[in-house]
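**Q** Mind looking over this structure? Questions follow.
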Amino acid sequence: MPTFVYMTRCDGCGHCVDICPSDIMHIDKVTRRAYNIEPNMCWECYSCVKACPMHAIDVRGYADFAPLGHSVRVDRDEEKGVIAWRIKFRNGQKDMELLAPITTKPWGEHIPKLAQVQGPTKEMRDSELLFNEPKYIRLDEGDIHTLKSNGLKMKAGVYY
Amino acid sequence: MAYKTITEDNIDILVAGAGLGGTGAAFEARYWGQDKKIVIAEKANIDRSGAVAQGLYAINCYMGTRFGENNPEDHVRYARIDLMGMVREDLLFDMARHVDSAVHQFEEWGLPLMRDPNTGAYQREGRWQIMIHGESYKPIVAEAAKKSADEVYNRICVTHLLMDEAKENRVAGAVGFNVRTGNYHVFKSKTVIVGAGGASNIFKPRSVGEGAGRVWYAPWSSGSAYGLLIEAGAKMTQMENRIVLARFKDGYGPVGAYFLHLKTYTQNAYGEEYESKWWPGLQEIVGKEYLDPDASHVTHRPIPTCLRNHALISEVNAGRGPIHMVTMEAFQDPHLEEIGWHNFLGMTVGQAVLWAATDVDPKNENPELTTSEPYVMGSHATGCGAWCSGPEDVSPDEYFWGYNRMTTVAGLFGAGDAVGGTPHAFSSGSFTEGRLAAKAACKYIDDGKAEGIVVSEKQINDRKEEIYKPMEHYKIYRNEITAGDVNPNYINPRQGLDRLQKLMDEYCGGASVNYMTNEKLLHIGLKKLAIMEEDLGKLAAKDTHELLRAWELKHRHRASEAVMHHTLFRKETRWPGYYYRGDALKLDDENWHVLTVSRRDPQTGEYTMEKAPCYHLVDENE
Ligand SMILES: Cc1cc2nc3c(=O)[nH]c(=O)nc-3n(C[C@H](O)[C@H](O)[C@H](O)COP(=O)(O)OP(=O)(O)OC[C@H]3O[C@@H](n4cnc5c(N)ncnc54)[C@H](O)[C@@H]3O)c2cc1C
Ligand code: SF4
Ligand code: SF4
């Protein structure tokens with residue numbers, strides 16, 4: 001649902017502008033605060049909402065099918081590695097809080113820098129293997145699947 | 001115009017578009033090319049770009065050979081059944097045999113994969129899907145890509161590929177502009193891997209007005225993968241094979257977990273099961289080979305997605321809509337209820353917003369389902385995209401020309417939605433395809449295939465002029481009128497998009513004509529698209545944001561044209577429920593058990609259509 005920004009909370013930092021995949025969060029030249037310049041190209045993806053340090057961005061359901069009076073708020077905590085949601089129904093009869101993990105590891109430490117790992121051998125280059133393979137395919141000693149290993153053959157036309 | 005030209009030279013591998021395919025490509029390229037120069041050009045911010053920007057709640061392609069679950073050929077068989085026989089089995093087999101190694105890396109990188117507490121294996125949603133807490137899926141793969149790349153250029157809209165002037169049909173890089181600064185960017189590169197994603201907003205969406213952004217595939221999926229590749233003269237395949245999705249009404253929330261994990265089911269407005277009554281008629285259209293409900297019942301052989309759509313569409317047309325998803329039973333279990341909501345929050349937050357706004361509590365009310373407008377893409381239950389080479393050890397001659405995932409243009413590769421004939425790759429398979437393309441691109445360079453590339457200043461300057469033309473045009477004609485957007489000399493990108501959507505909808509089988517088209521309609525559609533191209537020459541953009549929209553529209557237009565040509569060429573109804581050729585309402589295996597391949601001549605704009613043989617590598621029975 002399209003986003004909007006609360007005047008009193010936004011300080012114009014630009015995080016939302018930086019992240020929006022649709023390029024529609026812009027800083028208004030007069031108020032120096034952010035706003036959604038093209039609501040009909042908003043996917044309600046919440047990327048900007050999650051990124052705003054001031055919790056200044058919220059969403060209001062698309063006017064053409066969503067009545068007013070609901071709320072879906074979010075708080076994404078990178079350090080704790082969790083995301084917390086609160087969903088409030090329009091009629092006030094449902095008010096849910098949901099929590100989910102967003103990562104199991106500290107950020108940035110467990111992804112290898114491939115420039116620094118042992119490079120591929122010629123044998124590997126000539127094979128069909130990718131980085132970390134065959135080990136990572138099954139996490140055992142098994143090898144990659146081939147037509148031969150799986151007893152298969154390519155045939156043209158309808159036959160099955 | 002006072003924009004600077006910024007040139008990045010001597011690139012070995014340029015990744016154009018860094019979604020799931022592009023991040024996989026950039027990451028892997030570093031392993032095979034440790035001394036190579038790897039550069040990413042991404043139109044948004046790599047941390048939250050593409051179809052996975054808001055996250056995913058499932059990885060839809062995982063074999064589980066590690067847990068003895070499936071073999072790659074099982075997945076090939078499944079994808080083939082689902083696509084009514086029309087897939088590239090070599091590419092699918094290749095993706096499937098590697099995909100698990102990507103998923104295992106994701107887990108190691110910190111992506112929370114759920115485990116089945118009893119077996120210790122990953123929690124299955126269905127036979128191919130595993131459940132994840134994937135809110136950070138995109139930031140995690142982005143980090144992997146950033147660690148491998150020499151340079152990541154965010155906010156670069158790539159508009160064209162550069163072509164080598166020394167050797168015909170060889171790529172030489174790409175150009176584009178920075179959406180923020182407006183600067184012109186030139187990337188001279190030995191190879192390009194296009195991962196610019198599929199296309200939403202080609203057909204008129206069901207949502208209107210403010211809600212027009214409420215599309216199933218992201219509104220920023222601009223069909224650039226197709227626009228870029230077609231313009232460069234790459235052959236395309238299966239572009240007629242657009243997809244229609246059965247989703248929760250208005251919010252387009254996913255249904256996979258609901259069907260598979262929560263065991264919900266559908267019924268018509270009167271509480272009746274409706275699918276089975278449409279099977280006999282449908283069997284007459286497609287034949288028993290493609291629809292055999294009895295066999296499906298016994299063997300759990302899936303009924304193709306398009307055929308299930310057909311039943312839904314037919315039931316609604318018969319006046320017994322709306323179709324409901326029966327959630328009221330499953331949602332009495334608080335654990336399942338929670339999963340149902342997490343499923344939306346993890347990948348389609350808007351559906352949660354919609355239910356909160358309309359007071360739909362699925363515990364007390366069965367929500368409505370609908371079929372979406374069509375989408376053109378190649379990684380979900382459909383296979384639009386470029387005609388690419390397969391791997392050496394699997395592919396027959398017709399499917400192999402040296403380098404895995406290379407298009408028919410030398411040095412130009414694809415991944416994810418860009419590659420044709422590989423449905424059901426999804427996020428993990430797209431990432432895997434990127435990895436495969438990266439390895440092959442390094443090999444292509446090491447084999448000396450990229451020597452002696454020449455790009456003249458003229459080519460670079462011509463492109464520059466072309467890119468900024470919408471802004472020039474605006475400047476020249478804007479003051480001829482007092483105010484507003486109605487101008488006899490130009491249209492703006494939104495006006496153009498509305499026109500494109502309307503004509504694709506009405507002539508190429510969109511939602512408002514019940515997905516129906518025929519030869520006559522398609523010919524009119526092509527004529528209108530050609531006239532529209534003249535108007536696209538007169539597009540006006542008042543700033544760089546509108547310039548972005550202008551180029552997205554041009555890419556969408558080019559993709560649409562290919563869709564129209566392919567739909568015209570395939571004279572049968574292969575996927576009832578996705579679209580219908582009213583003048584050829586039956587599936588025709590005798591003449592059309594083939595893949596369709598097109599090429600647009602970049603010089604003349606003429607399309608050539610051909611049939612390519614469809615190879616199979618596994619039989620029907622497991
Ligand atoms: C609502 C929804 C639910 C889904 N659910 C699942 C699921 O549960 N499990 C699953 O596995 N998959 C799921 N998918 C599918 C998955 O998201 C796609 O298969 C996958 O993202 C395709 O990868 P890609 O790299 O081809 O495209 P994308 O990931 O979309 O990446 C394309 C990239 O190219 C960039 N780009 C586009 N145009 C240009 C240009 N002109 N210049 C520069 N850059 C450009 C974009 O910004 C983007 O970063 C879902 C998709 C959607 C939309
Ligand atoms: S991120 Fe928040 S505070 Fe910063 S500009 Fe955007 S809305 Fe304002
Ligand atoms: S919700 Fe997503 S598309 Fe909408 S403004 Fe925010 S980041 Fe952009």
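The values are calculated or read from the model by the stated rules, or taken from the named source; none is laboratory data. Just so it is clear, the structure is predicted and the values come from calculations on it, not from any experiment. Counting neighbours? That spans all protein chains shown, and the Cβs are built from the backbone with ideal geometry, glycine included. Surface accessibility is based on the protein's heavy atoms, side chains included, excluding ligands, DNA and RNA. Shrake-Rupley method; radii C 1.70, N 1.55, O 1.52, S 1.80 Å.
**Q** Let's see if you can work this out: charge +1 on each Lys and Arg Cβ, -1 on each Asp and Glu Cβ, no other charges. What is the dipole magnitude of the stretch B:89-145 about its Cα centre, in debye to the nearest 20?
**A** That gives a dipole near 180 debye.
**Q** May I ask for the longest run of chain A untouched by GluC sites (Glu not before Pro) that are loop-located per DSSP and have at most 11 neighbouring C-beta atoms (other than their own) within 10 Å? Spell out each step's value before the answer.
**A** Details: sites that count: A:Glu79, A:Glu109, A:Glu141.
Maximal segment without exposed cleavage sites: A:1-78.
**Q** Further, regarding this structure: Within the stretch B:245-337, report the chymotrypsin sites (Phe, Trp or Tyr not before Pro) that DSSP leaves as loop and that have at most 14 other Cβ atoms within 10 Å. Intermediate values should be presented prior to the final figure.
**A** Working: sites: B:Phe248, B:Tyr252, B:Tyr258, B:Phe259, B:Tyr265, B:Tyr270, B:Tyr274, B:Trp278, B:Tyr290, B:Phe331; in loops: B:Tyr252, B:Tyr270, B:Tyr274, B:Tyr290.
Those that pass, being in a loop and sparsely packed, are B:Tyr270.
**Q** Using a 10 Å cut-off on Cβ to Cβ distances, tally the other chain neighbours for every residue of B:94-105 and report the average as a whole number.
**A** 5
**Q** Set Lys and Arg Cβ to +1 and Asp and Glu Cβ to -1, take the dipole of the protein assembly as shown about its Cα centre, and tell me which of B:Ala584, B:Thr567, B:Ala540 lies farthest positive.
**A** My answer, from the dipole projection, is B:Ala540.
**Q** Per-residue HN-Hα couplings for the stretch B:533-540, Karplus 6.51 cos²θ - 1.76 cosθ + 1.60 at θ = phi - 60°, whole Hz, x for Gly and Pro?
**A** Karplus-based 3J(HN,Hα) across the stretch B:533-540 equals 4, 4, 5, 5, x, 10, 5, 10 Hz.
**Q** Also, quick follow-up: With all protein chains present and a 1.4 Å probe, how do B:Glu108, B:Glu392 order by accessible area, largest first?
**A** Largest accessible area first, the residues go B:Glu392, B:Glu108.
**Q** Please work out the C-alpha center-to-center distance from the stretch B:341-360 to the stretch B:471-505 and express it in whole Å.
**A** Value for the Cα centre distance between the two parts: 36 Å.
**Q** Contour minus end-to-end for B:Thr181 and B:Ile524, with contour as 0.36 nm per residue of separation and end-to-end as the Cα-Cα distance?
**A** Additional length available on full extension: 119.4 nm.
**Q** Then there is this: In the stretch B:44-121, which trypsin sites (Lys or Arg not before Pro) fall in coil by DSSP and have 14 or fewer other Cβ atoms within 10 Å?
**A** Details: sites: B:Arg48, B:Arg66, B:Arg77, B:Arg80, B:Arg88, B:Arg97, B:Arg115; in loops: B:Arg88.
Those that pass, being in a loop and sparsely packed, number zero.
**Q** Out of all DSSP beta bridges in the protein assembly as shown, what portion is antiparallel? Express it as a percent rounded to 5.
**A** 75
**Q** What share of the DSSP beta bridges in chain B is antiparallel, in percent to the nearest 5?
**A** The antiparallel fraction comes to roughly 65 percent.
**Q** Any idea which of A:Leu99, B:Met471, B:Gly233 is furthest toward the positive side of the dipole for the protein assembly as shown, if Lys and Arg beta-carbons carry +1 and Asp and Glu beta-carbons -1?
**A** B:Met471
**Q** Related question: Exactly which trypsin sites (Lys or Arg not before Pro) in the stretch A:63-160 are in a DSSP loop and have at most 14 other Cβ atoms within 10 Å?
**A** Counting only loop positions with at most 14 other Cβ atoms within 10 Å, the trypsin sites (Lys or Arg not before Pro) in the stretch A:63-160 are A:Lys80, A:Lys113, A:Lys148, A:Lys153.
**Q** Count, for each residue of A:20-27, the Cβ atoms from other chains sitting within 10 Å of its Cβ, then give me the mean as a whole number.
**A** Mean partner-chain Cβ count within 10 Å for A:20-27: 6.
**Q** While we're here: Do you know the relative contact order of the stretch B:246-371, to the nearest whole percent, from alpha carbon pairs under 8 angstrom that are 6+ apart?
**A** On the way: 150 pairs, mean separation 50.9, N = 126.
Taking the mean separation of contacting Cα pairs over the length of the stretch B:246-371, I get 40 percent.
**Q** Something else about it: Can you list the equivalent-ellipsoid semi-axes of the stretch B:81-122, largest first and in whole Å, using the square root of 5 times each Cα gyration tensor eigenvalue?
**A** 28, 14, 8
**Q** Using a basic spin-label model with each label point 7 Å from the Cα along Cα→Cβ, how many nm lie between A:Gln118 and B:Asn489?
**A** With each label placed 7 Å out from Cα toward Cβ, I get 6.7 nm.
**Q** Once label points are set 7 Å from the Cα along Cα→Cβ at both B:Val208 and A:Thr8, what is their separation, rounded to one decimal in nm?
**A** Between B:Val208 and A:Thr8, the label points sit 3.8 nm apart.
**Q** Name the most mobile residue of A:Tyr62, A:Tyr46, A:Tyr136, meaning the one with the largest mean-square fluctuation, in a Gaussian network model of chain A with Cα contacts below 10 Å.
**A** A:Tyr136
**Q** Can you give the accessible area of B:Thr358 in Å² (nearest 10), computed on protein heavy atoms with a 1.4 Å probe?
**A** In the full protein context, B:Thr358 sits at about 50 Å².
**Q** Roughly how many debye, to the nearest 20, is the charge dipole of the protein assembly as shown about its Cα centre, given +1 on each Lys and Arg Cβ, -1 on each Asp and Glu Cβ, and no other charges?
**A** Values: 90 positive and 107 negative charges, 314 e Å.
Taking the Cα centre of the protein assembly as shown as origin, the dipole is about 1500 debye.
**Q** Past the 27 Å Cα-Cα mark, which pairs from B:Lys277/B:Lys502; B:Lys458/B:Lys538; B:Lys167/B:Lys527? Don't jump to the answer; show the numbers that get you there.
**A** Working: B:Lys277/B:Lys502 33 Å; B:Lys458/B:Lys538 23 Å; B:Lys167/B:Lys527 34 Å.
Cα-Cα > 27 Å for B:Lys277/B:Lys502; B:Lys167/B:Lys527; rest within.
**Q** Rounded to the nearest 500, what is chain B's calculated 222 nm mean residue ellipticity when only DSSP H runs of at least 4 contribute -39500 (n - 2.57) each, over all residues?
**A** -12000 deg cm²/dmol
**Q** Taking the Cα centre of chain A as origin, work out the dipole magnitude from +1 charges on Lys and Arg Cβ and -1 charges on Asp and Glu Cβ, in debye rounded to 20. Write down the numbers at each step before the final one.
**A** Working: 22 positive and 22 negative charges, 55 e Å.
Roughly 260 debye for chain A.
**Q** Subtract the Cα-Cα distance of B:Arg478 and B:Asp393 from 0.36 nm times their separation in residues, and report this length gain in nm to one decimal.
**A** Roughly 24.8 nm would be gained on extension.
**Q** Below 18 Å, Cα to Cα, which lysines can B:Lys439 reach? Residues fewer than 8 away in the same chain don't count.
**A** List returned: A:Lys113, A:Lys122, A:Lys135, B:Lys36, B:Lys37, B:Lys146, B:Lys147, B:Lys190, B:Lys449.
**Q** With a 1.4 Å probe and all protein chains kept in place, how much accessible area does B:Ile140 have, in Å² rounded to the nearest 10?
**A** Surface open to solvent at B:Ile140 totals about 10 Å².
**Q** Could you check the spin-label model distance between A:Lys88 and B:His300? Points 7 Å from the Cα along Cα→Cβ, value in nm.
**A** Each label point is offset 7 Å from its Cα along the Cβ direction, giving 4.5 nm.
**Q** Also, quick follow-up: Can you list the aspartates and glutamates whose alpha carbon sits under 16 Å from that of A:Lys105, skipping same-chain ones fewer than 8 residues off?
**A** In chain and number order, the partners are A:Asp77, A:Glu78, A:Glu79, B:Glu107, B:Glu108, B:Glu135, B:Glu143.
**Q** Between the stretch B:201-254 and the stretch B:14-86, how far is it from one alpha carbon centroid to the other, in angstrom?
**A** Taking the Cα centre of each part, the stretch B:201-254 and the stretch B:14-86 sit 19 Å apart.
**Q** Can you give the local net charge around B:Trp592? Use residues other than it whose beta-carbon is closer than 9 angstrom to its beta-carbon, Lys and Arg +1, Asp and Glu -1.
**A** 0
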